[in-house]
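The values are calculated or read from the model by the stated rules, or taken from the named source; none is laboratory data. In this text, all values refer to a predicted model and were calculated from it rather than measured experimentally. Cβ coordinates were reconstructed from backbone atoms using ideal geometry, including for glycine residues, and neighbour counts include every protein chain displayed. Each accessible area value is taken on the protein alone, full model and side chains, heavy atoms only, with ligands, DNA and RNA left out. Shrake-Rupley method; radii C 1.70, N 1.55, O 1.52, S 1.80 Å.
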Amino acid sequence: MGVEEGAKQQINMALLPLPSSSPLSSPTTSHITKSNMSLSFLPTSLALSPNNHLLLSPASKTITPTKEEVALSSTPPPLVGLDGGVDLSLIDRSILRDHKCLKELSTWGIGGPCKYFIQVSRPSELVSAIRYCEMKRIQYLIVGRGSNCLFDDRGFDGLVILNRLDQFEVIEPGVYMVGSGYPFNRLGVRCSVEGYSGLEFAGGIPGTVGGAVFMNAGANEQDTGSVIDEVEIVTTEGEVQRLRRSDIAFGYRWSSFQEMTDLAAILSARFRLTAAEKSRERQRALLERRRRTQPIRERTAGSVFRNPLNLGISAGELIELAGLKGFEIGGAKVSPLHANFFINFNSSTSSDMLLLINHVKEEVHRVFQVQLKEEMRYVPYRN
Ligand SMILES: NC(=O)C1=CN([C@@H]2O[C@H](COP(=O)(O)OP(=O)(O)OC[C@H]3O[C@@H](n4cnc5c(N)ncnc54)[C@H](OP(=O)(O)O)[C@@H]3O)[C@@H](O)[C@H]2O)C=CC1
Ligand SMILES: C=C(O[C@H]1[C@H](O)[C@@H](CO)O[C@H](OP(=O)(O)OP(=O)(O)OC[C@H]2O[C@@H](n3ccc(=O)[nH]c3=O)[C@H](O)[C@@H]2O)[C@@H]1NC(C)=O)C(=O)O
């Protein structure tokens with residue numbers, strides 16, 4: 001993935017025993033500085049051990065929750081104990097079982113039940129949820145706004161972690177440190193309103209910052225990777241790593257994160273933008289064009305296919321020229337407005353959508369000998 005070992009900053013998580021009961025309380029944030037590294041968004045009580053390890057999650061016994069214990073309100077309280085650490089037993093107690101449906105978490109409105117579900121709003125909660133899954137050998141999935149995923153009708157046989165890490169900090173004019181669950185649309189609008197250029201295209205995009213970094217979202221000659229300064233991630237081992245821009249590679253709808261075998265999740269990203277007076281004006285024009293050319297009021301997942309590279313023709317044009325605009329299978333259809341958007345117009349199942357995607361691929365290949373590649377990601381019931 002092009003990461004130079006020397007440049008990669010790492011913090012190893014160690015386990016600290018915590019009191020057996022950790023009452024819930026509002027967490028606070030601070031900066032923990034080690035060398036030139038500052039970990040914003042992490043709870044105050046996190047500390048560096050004498051061997052420079054970041055002390056975070058407590059070891060805990062596995063507790064099987066009762067139904068009453070797993071019931072979460074629609075806006076769950078933070079899972080951080082009084083001392084700031086996230087007790088794994090709190091994670092355990094906060095998991096909803098066989099309750100949440102993936103269709104509620106997807107812009108397509110497709111997907112069956114989550115075997116386990118948790119919503120996280122702080123980095124330490126996300127890290128602990130991942131450590132919990134690794135410890136219990138449960139497969140997990142990070143979901144942002146679900147604007148680029150096709151979930152299976154059978155659901156997901158593991159823990160779905162809904163990412164709501166929505167911290168936002170202005171480091172200096174034009175430099176923003178943003179949690180990976182922050183809405184990408186809101187970030188784009190906020191920066192443009194403040195007169196900074198680079199993320200105008202994000203206005204109107206329904207994903208999260210994490211999803212946008214992972215996919216290197218882009219439009220109108222701009223992309224996410226071009227304005228990234230640093231990214232903080234957590235690995236499958238539960239290590240928090242801070243990657244500099246030079247450690248990360250970005251391409252068309254591609255980032256080196258997609259090939260990192262030990263990436264568990266993106267925690268936050270730092271964006272560096274340039275001052276531009278007409279930023280908001282430009283964004284308004286892009287939003288207006290989006291409204292005219294895309295079915296923004298329908299249930300879609302944005303572009304289904306990547307544009308073929310170096311062909312000078314877009315996936316949408318190829319699909320239209322193959323005569324497939326408006327083509328339906330079950331409850332899924334190709335948008336009559338923009339052929340690279342597929343709509344769930346009538347209770348589409350995941351199989352309807354997959355059949356439609358395959359049919360369009362085959363037809364475009366038959367007519368033009370062009371092999372389309374999906375941009376959206378299909379998430380199977382079991383990996
Ligand atoms: N230009 C446009 O108009 C549109 C653009 N988009 C873009 O699609 C993407 C979807 O964003 P979003 O809805 O939040 O994502 P989703 O919830 O749809 O997740 C998409 C994939 O991104 C990965 N991902 C999401 N969040 C994280 C994270 N914090 N850390 C690591 N990986 C993550 C996951 O990969 P894995 O499955 O491997 O875990 C997931 O499968 C964005 O890039 C968005 O900007 C979407 C719609 C329209
Ligand atoms: C929607 C997404 O991103 C979009 C992004 O919003 C827009 C706007 O910049 O540019 C890309 O679409 P796109 O390449 O289809 O852009 P458009 O400007 O809509 O279309 C390109 C060309 O194809 C033509 N076109 C498009 C759709 C169609 O049904 N028929 C057609 O002929 C358009 O007229 C235009 O000449 C991104 N898609 C990809 C795969 O790169 C997404 O990532 O999910």
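Suppose we keep only residues that are among the aliphatic types (A, V, I, L, M) and more than 15 Å from residue 268 (Cβ to Cβ) within segment 193-232. Which one would you say is farthest from the chain's Cα centre (by Cα)? Checking each candidate, the answer is 193. Among the residues making up segment 102-129, a single one is assigned to a helix (DSSP H, G or I) and more than 25 Å from residue 186 (Cβ to Cβ): 128. Over 11 Å from residue 269 (Cβ atoms), within 16 Å of ligand 2 (Cβ to nearest atom) and open to solvent by 40 Å² or more (accessible area, probe 1.4 Å) - does that describe any residue in segment 177-187? Yes, some residue in segment 177-187 is over 11 Å from residue 269 (Cβ atoms), within 16 Å of ligand 2 (Cβ to nearest atom) and open to solvent by 40 Å² or more (accessible area, probe 1.4 Å). Taken over segment 192-214, the criterion of being among the hydrophobic types (A, V, I, L, M, F, W, C), outside any loop (DSSP other than H, G, I, E, B), open to solvent by 20 Å² or more (accessible area, probe 1.4 Å) and within 14 Å of ligand 2 (Cβ to nearest atom) is satisfied by 214 alone.
Only residues that are crowded, with 20+ Cβ neighbours inside 10 Å and part of a strand (DSSP E or B) were counted across segment 160-176, and they come to 5. Restricting the first member to segment 367-381 and to residues that are under 24 Å from residue 161 (Cα atoms), and the second to residues that are open to solvent by 100 Å² or more (accessible area, probe 1.4 Å), the beta-carbon pairs closer than 6 Å and six or more apart or on different chains are 381/154.
Residue 147 falls short on exactly one of the conditions (1) among the polar types (S, T, N, Q); (2) within 16 Å of ligand 2 (Cβ to nearest atom); (3) surrounded by fewer than 20 Cβ atoms within 10 Å (Cβ to Cβ), and that condition is (3). The residue of segment 180-201 that is nearest to residue 124 (Cα to Cα), among those that are more than 14 Å from ligand 1 (Cβ to nearest atom) and of a type in the set (D, E, K, R), is 190.
Just one of the listed residues (311, 324, 356) is at pLDDT below 95 and more than 16 Å from ligand 1 (Cβ to nearest atom), namely 311. Of the set (1) open to solvent by 60 Å² or more (accessible area, probe 1.4 Å); (2) within 16 Å of ligand 1 (Cβ to nearest atom), all apply to residue 368 but (2). If you go through segment 232-253 one residue at a time, do you hit one that is within 10 Å of ligand 1 (Cβ to nearest atom), assigned to a loop (DSSP other than H, G, I, E, B) and not aromatic (Phe, Trp, Tyr)? Yes; the residues of segment 232-253 include at least one that is within 10 Å of ligand 1 (Cβ to nearest atom), assigned to a loop (DSSP other than H, G, I, E, B) and not aromatic (Phe, Trp, Tyr).
Scanning segment 261-283 for residues that are over 15 Å from the mean Cα position of the chain (by Cα), farther than 17 Å from residue 229 by Cβ and surrounded by 14 or more Cβ atoms within 10 Å (Cβ to Cβ) yields 276, 279, 280, 282, 283.
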